[in-house]
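Before any comments, here is the structure.
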Amino acid sequence: MLKTLFAIVWQSALLWLVFRLGTFLVQALHVALPGNVAGMLLMFLLLLTGIVKPAHIEVAGGFLLKHFAFFFIPISVGLMAFGPLVRQSGAALLTILVVAAAVGVLVTGLAVQALNGRSPR
Amino acid sequence: MKLVVFAACLVLTLGCYLATRALFLRFRQPLLNPVFLSTLMIIAVLQATGGTLADYQPAKETMTFLLGPATVALALPLYNNRRVLKNQALPVLAGVLCGSLATIAAVLWAGRLAGFARSILISLGPKSVTVPIAVEISRLSGGEPALTAAFVVATGMIGSILGPVLLTAVRVKDPVARGLALGTVSHGQGTAVALIEGETAGAMGGVAMALAAVFTALIAPYYLPLLLP
């Protein structure tokens, strides 16, 4: 139990370090990417090259990914600030966003499945 | 007093999350999406107690502190699925690009039909991309960044509730296709749902979220003007 807690703390620190490095790199190189996505790609590279082993991050990584949805709750509460706009044209905006999401999900899902259909798995 | 509010916001958010997560895992109904239900509950509590977003802000900062490291951790399922990525590079790239182009065109077309002003249309354009990038695209294109952030969050919720149902309805069962579709349209929130479906779907959600962000940032300066009035 204590060992797991210890692993979560220091592995989180490693993940945080790569996140900061990603943030620093996109700022320094003026790349149009958010720092966290750059950090993810960087970590992927570190894993591929074997510099970081999956065992170095999998306790904290597994925990954070299991609760990935949690982080979007405090962010979504920010929708509260748009009460007036929602009252005025919320229904229209909701319809538009639903239509666009449906189109995007269907196009992506069907395209990938169609292109994958040719390759036996 | 501030500390009490801070602690109350933390406890409220954690409590809502744990309760709605248990509910979701028990019934597996997309409408019981934990982010959707928890957000509704927290906003209701804030309004009932006369609380404001400013009261909630310090707790939000603390709770989202680990979102960066968590996104970096997506490299793990990505690494475990590196073979899928290598063998299916074309479907992955083509699928996410088509999906991004389609959802942007759809939102602008529907927005024009509804008669929204140009600045709102521009703000709608990057709504499928993760917040930090979407805000930047919106600002550079002449949109309203705060509005874009709201559209991004709303799309995240809509896609993660509607996406799995739609994909099942048109018989998209391949976890690669499902993960990519959820990540392309609903960024991190879609990825969170894909992660619950399975490791492969989750990994593909992360891939799609990254690719959609890159593609949208690159094409927006040329693509948005084509679709705007």
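One table, with the values for the structure above:
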| item | result |
| --- | --- |
| Residue list for region B:203-219, filter: modelled with pLDDT of 90 or more and more than 14 Å from residue B:93 (Cα to Cα) | B:203, B:219 |
| All positions within region A:1-28 that are farther than 12 Å from residue B:72 by Cα and touching a helix residue (DSSP H, G or I) at 6+ places or on another chain (Cβ under 9 Å) | A:4, A:7, A:8, A:9, A:10, A:24, A:25, A:26, A:27 |
| Region B:36-62: number of residues that are open to solvent by less than 60 Å² (accessible area, probe 1.4 Å) and either among the hydroxyl-bearing types (Ser, Thr, Tyr) or not assigned by TED's automatic domain parsing to the domain that holds residue B:16 (or both) | 3 |
| Selection within region A:62-102 - within 24 Å of residue B:16 (Cα to Cα) and charged (D, E, K, R) | A:66 |
| Single match in B:123, B:100 (criterion: more than 7 Å from every other protein chain (Cβ to nearest Cβ), without any contact (Cβ under 8 Å) to a residue 60 or more places away in the chain, among the polar types (S, T, N, Q) and over 30 Å from residue B:12 (Cα atoms)) | B:123 |
| Condition check for residue B:117: facing chain A (nearest Cβ under 7 Å) and of a type in the set (Gly, Ala, Ser) | no |
| Residue check, residue B:88 surrounded by fewer than 16 Cβ atoms within 10 Å (Cβ to Cβ), over 21 Å from residue A:8 (Cβ atoms), out of contact with any Ser or Thr (no Cβ under 6 Å at 6 or more places or on another chain) and of a type in the set (S, T, N, Q) | no |
| The one condition in (1) over 17 Å from residue A:71 (Cα atoms); (2) open to solvent by 20 Å² or more (accessible area, probe 1.4 Å) that residue B:195 fails to fulfil | (1) |
| Residue within region B:93-104 that is outside any helix (DSSP H, G or I) and at pLDDT 90 or above present | no |
| Wholly enclosed helices (runs of 4 or more DSSP H) of region A:1-107 bearing at least 1 residues of a type in the set (Lys, Arg) and within 19 Å of residue B:80 (Cβ to Cβ) | A:54-66 |
| Failed item in (1) over 15 Å from the mean Cα position of the chain (by Cα); (2) open to solvent by 30 Å² or more (accessible area, probe 1.4 Å), with residue A:89 passing the rest | (2) |
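The values are calculated or read from the model by the stated rules, or taken from the named source; none is laboratory data. Everything quoted here is computed from the prediction, not taken from an experiment. Here Cβ is always computed from backbone atoms with ideal geometry, including for glycine, and neighbour counts include all displayed protein chains. Quick note on the areas: whole protein, heavy atoms, side chains included, nothing else; ligands and nucleic acids left out. Shrake-Rupley method; radii C 1.70, N 1.55, O 1.52, S 1.80 Å.
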